[in-house]
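What follows is a set of notes on a single structure, which appears directly below.
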Amino acid sequence: LWSSLDALQHVYLAKDMSAVTIVDAKIFELIDRGRSWDDRFLLTEISRTAFSSVSVVDTSRLLMRPASTPLRVYQNRTVGILEAISIDYGLSWPIANIVTEGAMHTYQRISTFLMQIRRAKHAMVKQRVRDARITTPDDNDKLVHALHHNMLWVLDFIYGHLTYLVISTATRSLQKDLSSAQDVDAMIGAHQSYMSSLEAQCLLRKDLSPIHDAIINFLDLCVHFADLQAAHLLGDEGQQNPESLNAPRTKIDIQNEFDSDDDDDDEEEDYDHMNHEHTLTISFRDSTYSQQMKTVNSNFNYLTTLVTDGLKNLARADDGLQSWDILADKLEWRRSWHRN
């Protein structure tokens, strides 16, 4: 039981970031290239290779595959596409009596939510590395730099709150409850209580969907922010590239391949990496880069305020959780900063 629970921590709750990062890097790269990444054999190979270094994980029990929802309903540039991944870790039947099918579904939902946050940060960090090549002063620099800093701070804090506070604290409580359990029924009850606590604190409970949806919208906003920077960067490069003048003026085609091993000093290799199959189209015809960045800033302030106020209202309720109040207080502390 202890080994199985530890394995679930690694596979679903990102206990070992070294393994999780390998899975993320490959999947995010394939999505950004627009290449087929939804093959169950490929996904399973990626996950088994990544977790092969984690002794407690039996990789023969690990399967990663597309979920039943058709991938075509998602767009590559939304973190919602990651909901189309299903991670399965097979448990022996005695353990499955304690860690029920419903619990496994909650594990999967938490795993997806954490991966979506990492996806948003991945997009922003990789674009910042590429954007660092621009040396020409830009009137939008102050706003863009402030947005980048503020959005990354919120991403890091939400992720740290979920992993280092919520999950770690709940897991220690579970271990204590299981250690004192007198029989299997008590073990089942302890684990069910653990999953219910995680579901609520990770904002995955049905009645918490407005706050969860606002966070997902914020994650999509982070990806969009990175895409706007990429489009603007390619436009600057195009001014020095005569061939780019043949492209339609109404659209800017940008390529977004992220290579976790690339070196930002190797500019020629990086430029080649931008020329791949996936083409993302962003238009600056009806709304300029500056105007769209101001819209991003407004949406950022709106969404973070929505999440903060929603959490504070929940925390005031009779059954409010302390973790909601902690998250709200931290975001509240930065609210004035967000508006700058």
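The values are calculated or read from the model by the stated rules, or taken from the named source; none is laboratory data. As the structure is a computational prediction, the values presented were derived from the model and not from experiment. Positions of Cβ are backbone-derived with ideal geometry, glycine not excepted, and every protein chain shown enters the neighbour counts. Heavy atoms of the whole protein, side chains included, go into the accessibility calculation; ligands, DNA and RNA do not. Shrake-Rupley method; radii C 1.70, N 1.55, O 1.52, S 1.80 Å.
Here, the stretch 1-126 has an Rg and a Dmax of 14.2, 44 Å when only alpha carbons are counted. Rounded to the nearest Hz, the phi-derived 3J(HN,Hα) couplings of the stretch 320-327 under the Karplus curve 6.51 cos²θ - 1.76 cosθ + 1.60 (θ = phi - 60°) are x, 9, 5, 5, 5, 5, 5, 5, where x marks glycine and proline. Diagonalising the gyration tensor over the Cα atoms of the stretch 5-50 and scaling each eigenvalue by 5 before taking the square root yields semi-axes of 21, 11, 7 Å, largest first.
Spread over its residues, the convex hull of the C-alpha atoms of the stretch 156-212 is 57 Å³ per residue.
Across all C-alpha atoms in the stretch 89-200, the radius of gyration and Dmax reach 20.6, 69 Å.
Under a Cβ-only charge scheme (Lys and Arg +1, Asp and Glu -1), can you give me the dipole magnitude of the stretch 7-52 about the Cα centre, in debye to the nearest 20? Numbers along the way, then the final one.
Numbers: 6 positive and 7 negative charges, 15 e Å.
That gives a dipole near 80 debye.
For the stretch 278-328, the set of trypsin sites (Lys or Arg not before Pro) satisfying both a DSSP loop assignment and a count of at most 12 other C-beta atoms within 10 Å is given as Arg285.
Calculate, for the stretch 79-120, the solvent-accessible area per residue in square angstrom, rolling a 1.4 angstrom probe over the heavy atoms of the protein chains. Kindly include the intermediate steps, with their values, before the conclusion.
Working: 1390 Å² over 42 residues.
Counting only protein heavy atoms, the per-residue value for the stretch 79-120 is 33 Å².
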